[in-house]
């Protein structure tokens, strides 16, 4: 397997060890190539005993992060403006995941969300 790293000398065709054909520009040659990268190693973390408050947790990246952290043992709370969606996302993320309506632009809402997560997280680190 081969792969191209920008700024290095390994400008070769995918799967072969021959340089780009004469008369071809490196840019045109690289544009045709597919990037071949080795798979990333599996990394696991133990978030047991930790509390997490995830803003924008009703969908997208926030919801995905919540599922991963919950699976890794964290006590998770999702925060979003839309209470209906954040409650549904929390139920989907796993047992014990809280769905809280809060506007992160307001310090009072954030303080209340943190207090709710920490009070529900007996034995978790909330600092």
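I'd like to check something: does the range 43-51 contain any residue that is crowded, with 23+ Cβ neighbours inside 10 Å and closer than 18 Å to residue 113 by Cβ? Full working, then the answer.
Here is the first cut: in the range 43-51, the ones crowded, with 23+ Cβ neighbours inside 10 Å are none.
Taking every residue of the range 43-51 in turn, none turns out to be crowded, with 23+ Cβ neighbours inside 10 Å and closer than 18 Å to residue 113 by Cβ.
The rows are residues; the columns are (1) modelled with pLDDT under 90; (2) surrounded by 12 or more Cβ atoms within 10 Å (Cβ to Cβ); (3) under 20 Å from the mean Cα position of the chain (by Cα); (4) assigned to a helix (DSSP H, G or I).
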position	(1), (2), (3), (4)
85	no, yes, yes, yes
88	no, yes, yes, yes
104	no, yes, yes, no
108	no, no, no, yes
111	no, no, no, yes
114	yes, yes, no, yes
118	yes, yes, no, yes
123	yes, no, no, no
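For every residue, the table says whether it meets (1) surrounded by fewer than 21 Cβ atoms within 10 Å (Cβ to Cβ); (2) outside the structural domain of residue 114 (by TED's automatic domain parsing); (3) at pLDDT below 95.
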residue: 39; (1), (2), (3): yes, yes, yes
residue: 57; (1), (2), (3): no, no, yes
residue: 60; (1), (2), (3): yes, no, yes
residue: 71; (1), (2), (3): yes, no, yes
residue: 75; (1), (2), (3): no, no, yes
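The values are calculated or read from the model by the stated rules, or taken from the named source; none is laboratory data. Here the structure is a predicted model, which means the values were calculated and not measured. Here Cβ is always computed from backbone atoms with ideal geometry, including for glycine, and neighbour counts include all displayed protein chains.
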